[in-house]
1. Provide Tyr2, Tyr12 ordered by accessible surface of protein heavy atoms (probe 1.4 Å), highest first.
2. Tally Lys and Arg at +1 and Asp and Glu at -1 over the other residues with C-beta under 12 Å from the C-beta of Ile57: what net charge comes out?
3. For the chain, what does the accessible surface come to per residue with a 1.4 Å probe? Please give it in Å².
4. Compute the helix-to-body angle for 49-59: its Cα long axis versus the longest principal axis of the chain, expressed 0 to 90° and rounded to tens.
5. Got a number for carbon plus sulfur as a percent of the chain's accessible area, 1.4 Å probe?
6. Whole number please: convex hull volume per residue of the Cα set in the chain, in Å³?
7. Can you list residues from other chains, or at least 5 along the same chain, whose modelled amide H is less than 5 Å from the amide H of Val41?
8. Compare the peptides 27-34, 43-50, 55-62 by average per-residue count of other Cβ atoms within 10 angstrom and give them in order, highest first.
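The values are calculated or read from the model by the stated rules, or taken from the named source; none is laboratory data. None of these values were measured; they are calculated from a predicted model. Because the Cβ atoms are built from the backbone with ideal geometry, glycine has one as well, and the counts that use them run over all protein chains shown. Just so you know, the surface numbers come from the protein's heavy atoms only, side chains and all, with ligands and any DNA or RNA stripped out. Shrake-Rupley method; radii C 1.70, N 1.55, O 1.52, S 1.80 Å.
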Amino acid sequence: MYHKLSVIISCYNEEKTIVPVLQKVLSADLQFEIMKEIIIVDDASTDNSLNLIKGFIKINANNNIKLIVH
């Protein structure tokens with residue numbers, strides 16, 4: 001049996017901060033064999049946030065990262 005932690009990150013025009021936030025969340029160590037899932041919700045950003053998120057997901061394809069575009 002394993003446990004899962006879902007981290008939900010909302011994003012709207014966060015091109016300056018979204019990648020550092022994702023890096024910190026991804027690098028956080030969890031104890032007790034807890035599996036981590038990151039869910040990013042982009043709320044129609046008009047800056048480069050969405051492209052940065054997609055690039056981050058592509059680079060970190062072996063991690064459980066999901067993107068929802070609202």
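1. Details: Tyr2 140, Tyr12 120 Å².
Putting Tyr2, Tyr12 in descending order of accessible area: Tyr2, Tyr12.
2. Residues close to Ile57 contribute a combined charge of +2.
3. Per-residue value: 72 Å².
4. Roughly 40 degrees, rounded to the nearest 10.
5. On the way: 2850 of 5020 Å².
Carbon-and-sulfur percentage of accessible area, whole number: 57.
6. 76 Å³
7. Under 5 Å from the amide H of Val41: Ile9, Ser10, Cys11, Ile68.
8. Most protected by this proxy first, the peptides run 43-50, 55-62, 27-34.
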